Structure formats: structure tokens, C-alpha cells
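**Q** First the structure, which I've put down as C-alpha cells, then a few questions once you've had a look.
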Amino acid sequence: MAAGTISERIEARLAPLLGPNMARNATRTFCRRDLSKEAEALTAADVPRLAAALRPALRTLLGAATTEQLLGEITREFQ
Amino acid sequence: MSQARRHRRFQALAFVTLAVGLLPAPFAATIADPVQLAGALFGWAIAMYLLAASGTLVAALTYDRGAPMRPGWLLLSGSYLVLVLALLRIGPRANGLYPAIHGAPWVDFLGSVLSGAMAVTGFILLSRAWRASGLDTTSRAARVAARLVAVAVAVAVAGPDLVERLPAAMNGDVLAIGDVVTDLLDGGVFVVAVPVLGAALMLGGGLVAWPWLMLTASLVAWLGYDATGAYCGAAGLDARTLRVADEVLRTLGAAFAFSAGIAQRWVMTDALRDD
């Protein structure tokens, strides 16, 4: 899990649930839309903001509990 | 639980659903008496509608109050519950099996229209929630193209039955009016549900795709149900075989709606659980 860029590691966390294409699209889209930066430029400090941006979308598909668990795992990985 | 094992669980659900959907065929093969068969299919249809209503209700109740997907699932559940109530009032259907006078044409008409309207509204709400999530990154041009394809498919599938029943409907035949309105609503469901089909494709490979895939399978089965009258009749199938084909597609439509609801619950409760 530790190999790869930060965005690739986030995509790897999302992919089992959203599928590889949607995981990549979601990471890139929300990085651009909410953080105004490309996914490749993502730093560990950006991860909580990206998680917050992803939260409403993930809650729509996964419900509150699974979303919080998933985002918790992602943010903990980069603390 | 490994990812592959989680997918196998959904695959098993889909396989069992498909197998259940085919059960009206052995019913028909083993029950020669048309009146008994009509009774068996009546009980089976009620059981399947109740199953569909409960599966979609499970999905709705797994979401928190205020969640954008919840009303859509609730309406899908309601659309099947309406069919249960209508069918209980109508009783066993004789069509394709033996000559009989339809007992409650207005109940049939109102049940079909109300159920269809609830299904259309439910799919509109699910599609809107998906679009509002921000995960749907398809361009406007692609969305319009997909809708046009869906309209063409809906017209090709439901159109012939609609054209066939329209003259009788214009003469005030309540059952024919119900068929025409149902054809329009079923075609409408397919068109408004295009984002659901898109979601199933975009989420491919992920666990979240399963409920959307199963909802898609349910929609396709219902569209096939509308098409049997026109296409199987033209293919020269006898009335009994046509009725059995109807029942298989009806069962598949309801059973996949049940499985979609259960799959949605599994995604929301078990997707990250360590066993």
C-alpha cells in the first residue's frame, strides 16, 4: 500500500469499492474541483481536504458508516 | 474477507436470482391444468412482488434519513407493493391459459399506472442522486446520445405492443388503455434510468457496481416483458408459451429488484468489514 504517489495510493483505497476507473476519475475530478490542483501534485497535507470533498459523493453510494470508515483509513494512512 | 470473495458473494446472488427467474418454466411444464397453472402463477407473482418490495425497502432503510438515494429506493419498493395489492384484488390471470372475463379491469389499470408512475419517479430520484454526487463525469453530449439510444430501444421494444393496443384503447377498452399507459411508463422508466445504466458501467470492477447492475437487469427484464406480446406473437409462439415467457420475465424483473436492494445493503454494511 505504501508504494506509488499519494493519488495512486488513494485510488488504490477507493478502487475495491468504486472500481479502478471511477477511483481514478473521482480522485482527479475532486482534486481539480475542490483543491484546484492536479492529482499528481497532491501532498499528505491535502488528504484531509480531499477526503472532505469526497465525503458527500461517497455517502451517496456507500452510506455514512462505510464512507467514514473508508475516509478514516485514507486520512490515517497519510498522518 | 478478500475482495475476490466479496465479488463471489454478489455473483452468487446474481446467479441465484437468474435461476429463480426461470422457475415459471418448470411450473408450466409440470402443471398441465391451465386453471391450476394460473393459480400457481398468481401465488408466485405475489411472492415475487413482495420479495421485490422488501429487497428495495431494505436498501432504502439502510440509508440514513435524508440520504439522497433513500426516496428513490422507497418509491421502487412502493411500486411493487401497489402491484401486490392490485393482484390480490384481481386474482389469478387467465390470459394465455383459458378463456375468462377479466374481473377487475379498473384495478388492473390503476395498479399498473400507479406502480409505473412510482417506478419512473423512483428512477428519476436515483439518477438525480447519482448525478448530484459529482462522480458522473460523462459529457453532456454523451448523456444526450445515451438518452437517444434509450428512447430508440424503448420504442423498438414497447412500441409494437403500444401500436397494437392503441385502437382498442381509443375505443375505451380499460385493459387496453392500461396496456398503452404501462407501455409508455415502462419505456419512460428505461429512458429516465439511463444514468443508472451508466453508473453500472462506470463503476465496473467495484463492489458498488453490483446493485446498479442488478437494477439494470431488472429494467431489461421488464422491458422484455413488454416486448413478449409483440415479438413472441409474431414469432408464432402459442398463447400458453407466451404467457410463460411473460411470467419468466416478470419474475426476473422483480427478483433482480430484490437482489439490487440486498446488494445495496451488502455494499453499505459489509464492503469494508474484516471477517
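**Q** Look through the stretch B:1-40, keep the residues that are closer than 30 Å to B:Leu272 by Cβ and among the polar types (S, T, N, Q), and return whichever of them is surrounded by the most Cβ atoms within 10 Å (Cβ to Cβ).
**A** Pass one, the stretch B:1-40, residues closer than 30 Å to B:Leu272 by Cβ: B:1-20.
The next check asks that each one be among the polar types (S, T, N, Q); those that pass are B:2-3, B:11, B:17.
Working: B:Ser2: 9, B:Gln3: 14, B:Gln11: 11, B:Thr17: 24.
Looking at the filtered set, the residue picked out is B:Thr17.
**Q** I would also like to ask the following. Go through the stretch A:1-27 and count every residue that is facing chain B (nearest Cβ under 9 Å) and in a helix (DSSP H, G or I). Can you show your working first?
**A** Taking the stretch A:1-27 first, the residues facing chain B (nearest Cβ under 9 Å) are A:14-23, A:25-26.
Pick out the ones that are also in a helix (DSSP H, G or I) and you get A:14-18, A:20-23, A:25-26.
Adding up the residues that qualify gives 11.
**Q** Looking at B:Ala154, B:Ala52, which one is at pLDDT 95 or above and crowded, with 19+ Cβ neighbours inside 10 Å? Walk me through it before giving the result.
**A** Details: B:Ala154 fails: at pLDDT 95 or above.
Testing whether each residue is at pLDDT 95 or above and crowded, with 19+ Cβ neighbours inside 10 Å leaves just B:Ala52.
**Q** Give me a count of the residues in the stretch B:236-271 that are crowded, with 23+ Cβ neighbours inside 10 Å and polar (S, T, N, Q).
**A** Result for the stretch B:236-271: 3.
**Q** Looking only at the stretch A:30-79, count how many residues are closer than 24 Å to B:Asp136 by Cβ and outside any helix (DSSP H, G or I).
**A** 4
**Q** Grab the helices (runs of 4 or more DSSP H) fully contained in the stretch B:1-89, keeping just those with 2 or more residues being among the aromatic types (Phe, Trp, Tyr). Walk me through how you get there before you give the answer.
**A** Working: elements: B:3-21, B:24-30, B:34-62.
The qualifying helices (runs of 4 or more DSSP H) are B:3-21, B:34-62.
**Q** Right, here's the next one. Within the bounds of the stretch B:261-270, is there any residue that is within 30 Å of A:Glu68 (Cβ to Cβ), hydroxyl-bearing (Ser, Thr, Tyr) and within 14 Å of another protein chain (Cβ to nearest Cβ)?
**A** First, pick out the residues of the stretch B:261-270 that are within 30 Å of A:Glu68 (Cβ to Cβ): B:261-270.
Right, trim to hydroxyl-bearing (Ser, Thr, Tyr) and you get B:269.
Among the residues that remain, those that are also within 14 Å of another protein chain (Cβ to nearest Cβ) are: B:269.
Yes, that holds for at least one residue.
**Q** Filter the stretch B:52-82 down to residues that are closer than 15 Å to B:Val120 by Cα and of a type in the set (Gly, Ala, Ser), then give me how many there are.
**A** The number of residues fulfilling the criteria is 4.
**Q** Follow-up. Might you check whether a residue that is outside any helix (DSSP H, G or I), surrounded by fewer than 18 Cβ atoms within 10 Å (Cβ to Cβ) and touching a residue at least 24 places away in the same chain (Cβ under 8 Å) occurs anywhere in the stretch B:177-195? Reasoning before the result, please.
**A** At the first step, the residues of the stretch B:177-195 found to be outside any helix (DSSP H, G or I) are B:193.
Narrowing further to those that are surrounded by fewer than 18 Cβ atoms within 10 Å (Cβ to Cβ): none.
No - not one qualifying residue is present in the stretch B:177-195.
**Q** Can you find even one residue in the stretch B:230-241 that is within 19 Å of B:Thr56 (Cβ to Cβ), assigned to a helix (DSSP H, G or I) and in contact (Cβ under 8 Å) with a residue 60 or more places away in the chain?
**A** No, the stretch B:230-241 has no match at all.
Yes/no matrix, rows are residues, columns are (1) touching a Leu at 6+ places or on another chain (Cβ under 8 Å); (2) closer than 24 Å to B:Val192 by Cβ; (3) within 14 Å of another protein chain (Cβ to nearest Cβ):
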residue: B:Ala217; (1), (2), (3): yes, yes, no
residue: B:Asp226; (1), (2), (3): no, yes, no
residue: B:Ala230; (1), (2), (3): no, yes, no
residue: B:Gly233; (1), (2), (3): yes, no, no
residue: B:Ala239; (1), (2), (3): yes, no, no
residue: B:Ala254; (1), (2), (3): yes, yes, no
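**Q** Is there any pair linking a residue in the stretch B:48-68 that is more than 10 Å from chain A (Cβ to nearest Cβ) to one that is β-branched (Val, Ile, Thr) and part of a helix (DSSP H, G or I), with Cβ under 6 Å and at least six apart or on different chains, and which?
**A** Filtered contacts from the stretch B:48-68: B:Met48/B:Thr251; B:Tyr49/B:Val84; B:Leu50/B:Val84; B:Gly55/B:Ile262.
**Q** Do you know which residues across the stretch B:96-141 are acidic (Asp, Glu) and not in a loop (DSSP other than H, G, I, E, B)? So that I can check it myself, show each step before the final result.
**A** Of the residues in the stretch B:96-141, the ones acidic (Asp, Glu) are B:108, B:136.
Once the filter is applied, which keeps residues that are acidic (Asp, Glu) and not in a loop (DSSP other than H, G, I, E, B), the stretch B:96-141 yields only B:Asp108.
The values are calculated or read from the model by the stated rules, or taken from the named source; none is laboratory data. Worth saying up front: this structure is predicted, and the values here are computed from it rather than measured. Glycine gets a Cβ as well: all are built from the backbone with ideal geometry, and neighbour counts include every protein chain shown.
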